[in-house]
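Let me begin by presenting the structure, written as structure tokens, before commenting on it.
The values are calculated or read from the model by the stated rules, or taken from the named source; none is laboratory data. Note that the coordinates shown come from a computational prediction; the quantities given were computed from them, not determined experimentally. Note: ideal-geometry Cβ built from the backbone for every residue, glycine included; neighbour counts use all protein chains shown.
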Amino acid sequence: MRTLASRELELIRSQFAFPLRDRIVTNNAASTQPPLAVFELLRDLSETYENVHRGQSDASVRTTEMFEASFDTIATWINAASRRTLSMHRSTTEAINAAMYSLMADFRDGDNIVTTLMEHNSNYVPWHALCREILPRFGRRVECRLAQFDHETGELDLDHLASLVDSRTKLVCCTGGSNFLGTKPPLATVRAIADASAYPQPDGRRGALLLIDAAQLFASSRVDVERLDADFVAFSFHKLLAPFGVGVLYAKEALRATLPPFLYGGDMIAEGRVFPDRVEYNELPWKFSAGTPNILGVIASAQTLRLIVDMVGADAERAWFRTDDPLSPDAVDAAMEIVAGHAASLTHRAMAGLASIDGLRIYGPAAGAARTPLVAFNVDGHSPFDIARALNAQGVESRAACHCATLAHHDLGIDPPASCRVSFALYNSPEDVDRAVDAVRDAVGQSFRSRPIPSALQHSVEDVERV
Ligand SMILES: Cc1ncc(COP(=O)(O)O)c(C=O)c1O
């Protein structure tokens, strides 16, 4: 795995505005910072600003071309068969709600949904609401079941998950990467567990549907929906260097063809095919694109992906930013390998440093295990909120909260349900990590390196830096 040399990292950092303000941005699991070139692109687009699918002007035609090409870029990025599998939303949260509303009418009395205790609230509360609030109004009782995780290792309890799945399990919902524990559940096994349900789906297929919340996974790994074989995958671009406002729901094309839309209105209907007694829907993916979409956001998101390939030098042959050319899957692979390697190396460094602080507990898998690039922790006798504020006073941006992983905090008995979290992105440097660790040490009043870094952790840092 190729990691970034310090000169490469400097060049990457020079493409962002925040380093000029001496910000140590380590709250990336919430949102990342967009490169300056993306804001420049948005400014330039103001010259040809127009709606899509709604005009014959050159401006509208060109904007439509760019908007549609963005779907293709995104499809390639996640190795989806085509743009027909995609719908654009405001966020991962809205994407998961879109899946919920599209599936809602299909649930039968006595069905169940299986999810996990390590989910972000976005992948629990919609299913809880469906089971407890929405379906009961239609006289249907559907149970929401929660799989446990190991409190020490942070790993999903696959046996427990399997024990919850039965012939009435219509849907399994699982995170691809926890935003609190950092755990990356083995999704191939989760797929197999969902398949083991004999649930008869409306299309005749047997087995539970699988929805993956890839909000964190997408930011730090190549998400390959074909390999995951998931029925739904949700993620958002503000976690991978794009501006706020665009989330994606991938759904297998066969599902898209039969499921009802989440939103009804303009552009999702076939041109001229609305009558008093019937409405015919547009072809995919526009059937799931009612109303004027976030056009600039979608274009900026897809172009940010292209810019990432250029920024990390993943394709020596050419530049991809500001083009609509079909993106090379190999370039995507290479780019995300570099992003993943860099993030893993920073995460190991942070874990090693934090582990040397007395009374500090890191949640989730041990160093060396697969992890999303974040570290959540608490320190005995210290409020995580005080730590985060003390970090901020030193220019280190972290987050103290339950990170919307409320169930997991309760399950671990963390009272109040909160932890402090630092999380890393492509532009973070080893110095950022060290400043964050030193700031935590200061915040809890411990002298520098009061406890040596455990040797096992030192190895894993070196190993990651070597690869
Ligand atoms: C695992 C996970 N799921 C869902 C979300 C929600 O994402 P969004 O804010 O784009 O709705 C987040 C955001 O932190 C997350 O980390």
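Considered as a group, the residues in the range 81-97 that are over 16 Å from the mean Cα position of the chain (by Cα) and either buried (at least 24 other Cβ atoms within 10 Å of the Cβ) or part of a helix (DSSP H, G or I) (or both) include one that is nearest to the ligand (Cβ to nearest atom), and that residue is Thr85. Selection over the range 35-53 of residues that are farther than 30 Å from Ala17 by Cα and either assigned to a helix (DSSP H, G or I) or not aliphatic (A, V, I, L, M) (or both) gives a count of 1. Condition (residue is within 14 Å of the ligand (Cβ to nearest atom), farther than 28 Å from Gly368 by Cα and either in contact with a helix residue (DSSP H, G or I) (Cβ under 7 Å, 6 or more places away or on another chain) or in a helix (DSSP H, G or I) (or both)) applied to the range 224-237: is it met by at least one residue? Scanning the range 224-237, I find at least one residue that is within 14 Å of the ligand (Cβ to nearest atom), farther than 28 Å from Gly368 by Cα and either in contact with a helix residue (DSSP H, G or I) (Cβ under 7 Å, 6 or more places away or on another chain) or in a helix (DSSP H, G or I) (or both), so the answer is yes. For the range 348-381, a residue qualifies if it is touching a strand residue (DSSP E or B) at 6+ places or on another chain (Cβ under 9 Å) and assigned to a helix (DSSP H, G or I), and the qualifying residues are His348, Ala350, Met351, Leu354, Ala355.
Of the listed requirements (1) of a type in the set (S, T, N, Q); (2) over 18 Å from the mean Cα position of the chain (by Cα); (3) near the ligand (Cβ under 10 Å from one of its atoms), Gln216 misses just one: (2). Where helices (runs of 4 or more DSSP H) sit wholly within the range 382-447, those with at least 3 residues that are modelled with pLDDT of 95 or more, closer than 24 Å to Gly154 by Cβ and away from the ligand (no atom under 15 Å from the Cβ) occupy 384-393, 430-443. Inside the range 127-145, residues that are of a type outside the set (D, E, K, R), farther than 18 Å from Glu94 by Cα and within 23 Å of the chain's Cα centre (by Cα) make up a count of 1.
Going through (1) free of Cβ contacts under 8 Å to residues at least 60 places away in the same chain; (2) part of a loop (DSSP other than H, G, I, E, B); (3) closer than 30 Å to Asp159 by Cβ one by one, Gln56 falls short only on (3).
Residues of the range 156-183 that are within 16 Å of the ligand (Cβ to nearest atom) and either surrounded by fewer than 22 Cβ atoms within 10 Å (Cβ to Cβ) or more than 20 Å from Asp229 (Cβ to Cβ) (or both): Ser178, Asn179, Phe180, Leu181, Gly182, Thr183.
Report yes if His128 is surrounded by fewer than 18 Cβ atoms within 10 Å (Cβ to Cβ), within 16 Å of the ligand (Cβ to nearest atom) and outside the structural domain of Phe377 (by TED's automatic domain parsing), otherwise no. Against the criterion (surrounded by fewer than 18 Cβ atoms within 10 Å (Cβ to Cβ), within 16 Å of the ligand (Cβ to nearest atom) and outside the structural domain of Phe377 (by TED's automatic domain parsing)), His128 qualifies.
Picking from residues in the range 8-27 that are part of a helix (DSSP H, G or I) and basic (Lys, Arg), the one that is farthest from Ala390 (Cα to Cα) is Arg13.
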